[in-house]
Amino acid sequence: MDEQFAKDNLLNAKLDQVSVALALRDVIGGIQVLRTLLQTSKERWARFTNVETGEHLIKGVAVSTVKTDAVYTYIAYIIKTYMQSRGVRTTAWTKNTISGENFTNKAISNITAAHTFETHEALFKVIATRLIGFDDALVDMAVSTDNEKIAEMLVIYLGSRFDLGESSEELVERYAQQVGCFHALLDVQGFTPAFFEQRLVEAQQHFDTPADDDHIHIFDPLRLLTYYI
């Protein structure tokens, strides 16, 4: 019984390790899609101006029929663009749910149109998180241009998702080495398909190799993720 328990424990650890590696891959892919959507939103936002006065139809406007129509148009365009993307696996809802004519989508669109927005990033974040279903942290990473900050957010996101710590501060302190590693990889665009394939190979070999004086099994998936780099 104890032997079977030990085998199952190792297998679960290996599967958890694979899950963390693939979750990181999904996050990196999601950030890339979000950045494309963000650029699209910026271009679309710039078009919402009064041709006669040059005033923006959404920025700083509290209430107006024109502003509301502009926000609805903006939302529809961002959603349509997102629906054409491929390979995103980090949203809370499927594309079928997002595209469906349901009460939640209508309610969120109505609430969004009633808010005052000063930047396209602020409006975009509401749509990306509340309508498309991206986690707030993913949108923050997509908006940021500071790779060190993004590396910290990656650690916090993965640590929170897999219950590796109770607070952001605790995770950043505990996984300072991983933050540095992610930062270096972001600087050189190192999150490639080959990178993730290698992480899967390492997970397989690490837990299939019997533990002895020369090999200790690491059961912290975030530490092991960068252990062989």
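Bear in mind that the values in this text are calculations on the coordinates, not laboratory data. Note that the coordinates shown come from a computational prediction; the quantities given were computed from them, not determined experimentally. A quick note on method: Cβ atoms are made from the backbone with ideal geometry, for glycine too, and the neighbour counts reach across all protein chains shown.
Give, as a single signed number, the net charge of other residues whose beta carbon lies under 12 Å from the beta carbon of GLN204, with Lys and Arg counted +1 and Asp and Glu -1.
Working: positive: LYS14, ARG199; negative: GLU197, GLU202, ASP208.
Counting the neighbours of GLN204, the net charge comes to -1.
When Lys and Arg each count +1 and Asp and Glu each count -1, what net charge do the other residues less than 13 Å away from TYR72, Cβ to Cβ, add up to?
Values: positive: ARG44, LYS67, LYS80, LYS106; negative: ASP69.
With Lys, Arg at +1 and Asp, Glu at -1, the net is +3.
Measuring from label point to label point, each 7 Å out along Cα→Cβ, what is the GLU3 to ARG223 span in nm?
If labels sit at GLU3 and ARG223, their model points lie 2.9 nm apart.
Would you give the gap between the C-alpha center of the range 106-149 and the C-alpha center of the range 1-52, rounded to a whole Å?
About 16 Å separates the Cα centre of the range 106-149 from the one of the range 1-52.
What percentages, rounded to whole numbers, describe P(r) for the range 1-110 computed over all alpha carbon pairs with 10 Å bin width beginning at zero?
11, 28, 25, 16, 9, 6, 3, 1
Using the Cα centre as the reference, give the magnitude of the dipole from point charges on the C-beta atoms of the range 124-173 (Lys, Arg: +1; Asp, Glu: -1; all else neutral), rounded to the nearest 20 debye. It would help to have the intermediate numbers written out before the result.
Working: 4 positive and 11 negative charges, 86 e Å.
It works out to roughly 420 debye.
Could you tell me how many degrees, from 0 to 90 and to the nearest 10, lie between the Cα long axis of helix 147-161 and the main elongation axis, the longest principal axis, of the Cα atoms of the chain?
70
Helix 65-83 sits at what angle to the longest principal axis of the chain, using alpha carbons and giving 0 to 90 degrees rounded to 10?
Once rounded, one gets 30 degrees.
Given bins 5 angstrom wide, list per bin the percent of all Cα-Cα distances in the chain, short to long.
Reading upward from the zero bin: 1, 6, 13, 15, 14, 13, 11, 9, 7, 5, 3, 2, 1, 1, 0, 0.
Report the normalised scattering of the range 116-191 as log10 I(q)/I(0) at q = 0.15, 0.25, 0.28 Å⁻¹, calculated by the Debye formula with identical scatterers on the alpha carbons.
-0.58, -1.10, -1.20
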